[in-house]
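J.: Here it is, the structure in full.
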Amino acid sequence: MGGRSLIFYFGIQIFLTLAPVTIGRGENLIPESAFRVWLEPSFMHSPLRGPLPGAQKTVMGGGFQVDGELKPGAKTTLESLKLTWSEFEAKARRNASEELARLHPRYERDARKSIIYAALESDRPVVSCAVLAPGFLGLWKDSLGEKVLVVVPNQSTAFIFPRLASDYLSYAPMVLRANRESTYPVSLEVFEVSFTGWRCLGAYEEP
């Protein structure tokens, strides 16, 4: 199956799983605790989404957690909720702490026992949401530093590298494989995460 066919196939799979939630008259039936934002590929063209600084192929999708699944909001969501995107995003990021608290980092170490990178992995497509939680950066302060590099190849996986003296580019095969083999691919773009926020630095490239 060719590259474009794979993208189309994956896009259809995600669309079927993440059918937009229209709030309309039922806005009071969806609690604020269900608000979520997550990283997703820009080609999805989700109705409710926001930009990420410097990113070309990754956006922040917005919606709700319904029955354990992430469902995108409709174009009318913010109007129905009487919220701006910034207000919705702030509430959703706080709610993502619920997903982050359930994840346990896996650390990869070298022969000297120094940490090379960390991985967040789940059997549910929630990691792309958890990385946006306010407490995400604080997880790595004592192990990877106050600035980290993050790539989220699919909704269930994130790799986190130290910003300084990082050899993250040598892990391209691992990242590419995690992206290709997933039903829910997200991005090959690499983001610097610091106290100032998220900023795209570049991307892993297919050979």
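No lab work stands behind these numbers, since they all come straight from the coordinates. For clarity, every value in this text was computed on a predicted model and none was experimentally measured. Using ideal geometry, Cβ is built from the backbone for each residue, glycine included, and neighbour counts are taken over all protein chains shown.
J.: Would you please put 86-98, 112-124 in order of how densely packed they are, using the mean number of other Cβ atoms within 10 angstrom per residue and starting with the highest?
T.: Numbers: 86-98: 17.4, 112-124: 14.5.
Going by the mean number of other Cβ atoms within 10 Å, highest first, we get 86-98, 112-124.
J.: May I ask you to evaluate 6.51 cos²θ - 1.76 cosθ + 1.60, the Karplus curve with θ = phi - 60°, for each residue of region 30-39 and list the ³J(HN,Hα) values in order in whole Hz, giving x for glycine and proline?
T.: The phi angles translate into 9, x, 4, 5, 8, 4, 9, 10, 7, 7 Hz.
J.: In addition: In nm, what is the difference between 0.36 nm times the number of residues separating SER86 and GLU205 and their Cα-Cα distance?
T.: 39.7 nm is the gain from fully extending SER86 to GLU205.
J.: For LEU52, list long-range residues whose amide hydrogen, built 1.01 Å from N in the peptide plane, is under 5 Å from its own amide hydrogen.
T.: It is MET60, by chain and number.
J.: Another question, if that's okay. To the nearest 20 debye, what is the magnitude of the charge dipole of the chain about its Cα centre, counting +1 on the Cβ of each Lys and Arg and -1 on the Cβ of each Asp and Glu?
T.: 120 debye
J.: Short version: ³J(HN,Hα) in whole Hz for each residue of region 102-114, in order, from phi by Karplus 6.51 cos²θ - 1.76 cosθ + 1.60 (θ = phi - 60°), x for Gly and Pro, what are they?
T.: Computed from phi, the couplings for region 102-114 are 8, 9, 10, x, 10, 9, 9, 10, 8, 4, 8, 6, 7 Hz.
J.: Can you work out D for region 111-207 in µm² s⁻¹ from Stokes-Einstein, where Rh is the Kirkwood radius over C-alpha pairs, the temperature is 20 °C and the viscosity is 1.002 mPa s?
T.: This corresponds to a translational diffusion coefficient of 158 µm²/s.
J.: Here is a further query. Per-residue counts of other Cβ atoms within 10 Å, averaged by peptide: what ranking do you get for 29-35, 104-110, highest first?
T.: With the highest mean Cβ count within 10 Å placed first, the list reads 29-35, 104-110.
J.: Show me the three semi-axes of the equivalent ellipsoid for the chain, from the C-alpha gyration tensor (sqrt of 5 times each eigenvalue), largest first, rounded to whole Å.
T.: Equivalent ellipsoid semi-axes, largest first: 28, 20, 14 Å.
J.: Can you work out the FRET efficiency for the pair PHE43 and TYR107, with r the C-beta to C-beta distance and R0 = 35 Å, to the nearest 0.05?
T.: Once the sixth-power term is evaluated, E becomes 0.60.
J.: Exposure proxy check: THR58, THR76, THR196 ranked by fewest other beta carbons within 10 Å?
T.: If I rank by nearby Cβ atoms, fewest first, I get THR196, THR76, THR58.
J.: Based only on other Cβ atoms within 10 Å, what is the fewest-to-most ordering of SER194, SER80?
T.: SER194, SER80
J.: Here are some pairs, LYS75/LYS141; LYS82/LYS141; LYS57/LYS91; LYS91/LYS147; which of them have Cα atoms lying more than 27 Å apart in this structure?
T.: On the way: LYS75/LYS141 38 Å; LYS82/LYS141 37 Å; LYS57/LYS91 24 Å; LYS91/LYS147 24 Å.
Flagged as over cut-off: LYS75/LYS141; LYS82/LYS141.
J.: Under the rule of -39500 (n - 2.57) per DSSP H run of 4 or more residues, summed and divided by the residues of the chain, what mean residue ellipticity at 222 nm is obtained, to the nearest 500 deg cm²/dmol?
T.: Counting only the DSSP helices, I get -6500 deg cm²/dmol.
J.: Same structure, new question: When the C-alpha atoms of region 20-133 are aligned to their principal axes, what extent does each axis show, in angstrom, from largest down?
T.: That gives 59, 29, 22 Å along the principal axes, largest extent first.
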